[in-house]
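The values are calculated or read from the model by the stated rules, or taken from the named source; none is laboratory data. Model, not experiment: these values are computed from the prediction. Cβ coordinates were reconstructed from backbone atoms using ideal geometry, including for glycine residues, and neighbour counts include every protein chain displayed.
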Amino acid sequence: MFNMKKAMAVAMTVALMVPSTAFAATSSPVKTSIAGQKYTISSQYTGKDETLKITVNGKELVEGTDFVLVGSEPTALGSYTLTIKGIGLYDGEATIAYTIAKAEKPVYKLNKKTEKKLAKGFKAKKLKKKSKKIKLKVKSEGKVKSFKVKGKKAKKWVKVSKKGVVTLMKGIKKGTYKIRVKIKGTDNFAKGYRTIKIVVK
């Protein structure tokens with residue numbers, strides 16, 4: 001015979017086992033409005049898009065995480081008015097007075113393969129019996145005028161040609177070696193020197 005009381009007791013037990021949070025309504029987080037606000041950002045020329053950052057109520061907001069730029073970001077020298085839109089925990093639209101000034105140092109970039117090699121470094125063990133050549137392939141808007149090894153001791157172990165081909169000599173000691181690159185100035189950046197580090201470990 002079907003036991004009604006027993007069936008009800010089982011049903012109540014199952015119901016009690018279900019987490020109460022399953023029935024609770026999830027509340028949306030309160031968003032902070034940046035509507036109507038005006039911010040000022042000044043940076044030096046880099047020749048590429050920069051990640052913009054602003055401060056709201058003492059907290060630093062990052063482009064792409066807390067807000068997005070409406071339209072494209074300028075990279076040339078000058079003063080601009082940008083519009084941003086809050087995302088995530090922020091909403092509303094605000095403006096940024098954005099200024100890009102002439103860089104105080106030359107701007108340059110290296111070949112991607114060269115960057116990876118330099119970031120990885122070179123092992124002294126592999127250079128005990130043979131030397132190694134590295135083509136820096138420095139690119140810049142300004143003319144690359146010269147390459148020079150920094151330090152008297154370093155010149156014994158590192159050589160660099162006029163075209164930026166570095167030779168790590170056989171038997172080179174562990175350490176950080178520096179190549180000084182002289183670059184001519186342009187309208188976007190001042191003339192000067194940049195240093196490329198080569199690590200032997």
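General remarks:
- Of the strands (runs of 3 or more DSSP E) that lie entirely inside the range 120-166, those containing 1 or more residues that are free of Cβ contacts under 8 Å to residues at least 40 places away in the same chain and polar (S, T, N, Q) span 144-149.
- Residue satisfying condition, being under 28 Å from the mean Cα position of the chain (by Cα) and surrounded by fewer than 14 Cβ atoms within 10 Å (Cβ to Cβ), within set Lys143, Lys163, Lys128: Lys143
- Within the range 76-134, the set of residues being closer than 30 Å to Val56 by Cβ and among the aliphatic types (A, V, I, L, M) comprises Ala76, Leu77, Leu82, Ile84, Ile87, Leu89, Ala94, Ile96, Ala97, Ile100, Ala101, Ala103.
- In the set (1) over 30 Å from Val138 (Cα atoms); (2) surrounded by 12 or more Cβ atoms within 10 Å (Cβ to Cβ), Pro29 fails one condition alone, (2).
- Hits in the range 167-198 (condition: assigned to a strand (DSSP E or B) and either exposed (fewer than 14 other Cβ atoms within 10 Å of the Cβ) or at pLDDT below 95 (or both)): Thr176, Thr195, Lys197
- Residue tally, condition in contact with a Leu (Cβ under 7 Å, 6 or more places away or on another chain) and free of Cβ contacts under 8 Å to residues at least 40 places away in the same chain, over the range 95-119: 1
- Selection from the range 48-68 of residues that are over 30 Å from Ser28 (Cβ atoms) and part of a strand (DSSP E or B): none
- Test for Lys126: is it farther than 22 Å from Glu50 by Cα and touching a helix residue (DSSP H, G or I) at 6+ places or on another chain (Cβ under 8 Å): no
- Of all residues making up the range 69-119, the number that are exposed (fewer than 13 other Cβ atoms within 10 Å of the Cβ) and assigned to a strand (DSSP E or B): 5
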